[in-house]
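Trainee: Below you will find the structure I want to go over with you.
The values are calculated or read from the model by the stated rules, or taken from the named source; none is laboratory data. In this text the structure is predicted, and so the values were computed from the model without any measurement. Positions of Cβ are generated from backbone atoms using ideal geometry, with glycine treated the same way; all protein chains shown enter the neighbour counts.
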Amino acid sequence: MGETPFITVEGPIGVGKTSLARAISQHFQFALLKEIVDENPFLGKFYENIEEWSFQTEMFFLCNRYKQLGDINTHYLSKKKAVVADYHIFKNLIFAQRTLDREEYQKYYQIYQVLTKDMPKPNVIIYLNASLDTLLSRIQLRGREIEKNISPLYLEQLSLDYEEAINRFEMNHPEIPVLRFNGDEMDFVKNENDLQHILETLYSSFQSNSWTNTILE
């Protein structure tokens, strides 16, 4: 029957990770793991002053995601129950490398390596990307108060960082398929055909990894 499916959806802020992860969860009846964002007490201050609040912000996210992954492994994956998450923990390094100074990042990286050493790894990654205009439009549309001070320059650089990180991930982990979708060319929230295309592509990945029986149980 193969491994238990553990899918993560990744991409820059505003690209639609949670919406897609929720749709996948509902379609395949997978458990849904959502990252904690609004509960981070430092995030609002971070968007106002990145240099001042970056280390506190990144450490909060890392510790919470570590706890979440541990729980998801205990309650679902170890019991052969499939999971879809709206993030991959490697995103911590993308943000930390951009916002922390060299000394802080070295300390952060050491902690990251210790915490993630035995964490469950996804066996499929869905990577969403989109232009800056699309990201800004979707961020404005969802109207989160905590995101109103995001700098377009920061968001643009973050998108480039994501692209570099996902390319590096593919080179270092050829055994984990990365399914790429362009948010400028499709809107899986408003267009059912776009969503079906993603779901069918994902299902084909399941079939190639002999997970079909797991999904249909």
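Trainee: Pick from segment 157-179 the residues that are in contact (Cβ under 8 Å) with a residue 24 or more places away in the chain and hydrophobic (A, V, I, L, M, F, W, C): which of them is surrounded by the most Cβ atoms within 10 Å (Cβ to Cβ)?
Mentor: Selected residue: Leu158.
Trainee: Outside any helix (DSSP H, G or I), out of contact with any Pro (no Cβ under 9 Å at 6 or more places or on another chain), among the charged types (D, E, K, R) and crowded, with 17+ Cβ neighbours inside 10 Å: does that describe Glu35?
Mentor: Spelling it out, Glu35 is indeed outside any helix (DSSP H, G or I), out of contact with any Pro (no Cβ under 9 Å at 6 or more places or on another chain), among the charged types (D, E, K, R) and crowded, with 17+ Cβ neighbours inside 10 Å.
Trainee: To continue, here is another question. Looking at Glu217, Glu185, Glu145, can you tell me which residue is among the charged types (D, E, K, R), surrounded by fewer than 15 Cβ atoms within 10 Å (Cβ to Cβ) and either at pLDDT 95 or above or under 30 Å from Trp53 (Cα atoms) (or both)?
Mentor: Just one listed residue meets the conditions, Glu145.
Trainee: Right, next: When you go through (1) assigned to a helix (DSSP H, G or I); (2) modelled with pLDDT of 95 or more one by one for Ile126, which number turns out not to apply?
Mentor: (1)
Trainee: Counting only residues that are out of contact with any Leu (no Cβ under 9 Å at 6 or more places or on another chain) and more than 19 Å from Ala82 (Cβ to Cβ), which one in segment 188-203 is modelled with the lowest pLDDT?
Mentor: Checking each candidate, the answer is Lys190.
Trainee: Follow-up. I'm checking my understanding of the structure. Among residues of segment 65-98 that are assigned to a helix (DSSP H, G or I) and charged (D, E, K, R), which one is surrounded by the fewest Cβ atoms within 10 Å (Cβ to Cβ)?
Mentor: The extreme case among them is Lys79.
Trainee: Could you tell me which residue of segment 99-141 is surrounded by the most Cβ atoms within 10 Å (Cβ to Cβ), considering only residues that are closer than 17 Å to Arg180 by Cβ and of a type in the set (Gly, Ala, Ser)?
Mentor: Ala130
Trainee: Check off (1) surrounded by 21 or more Cβ atoms within 10 Å (Cβ to Cβ); (2) under 19 Å from the mean Cα position of the chain (by Cα); (3) hydrophobic (A, V, I, L, M, F, W, C) for Leu62 and give me the number that stays unchecked.
Mentor: Leu62 satisfies all of (1) surrounded by 21 or more Cβ atoms within 10 Å (Cβ to Cβ); (2) under 19 Å from the mean Cα position of the chain (by Cα); (3) hydrophobic (A, V, I, L, M, F, W, C) except (1).
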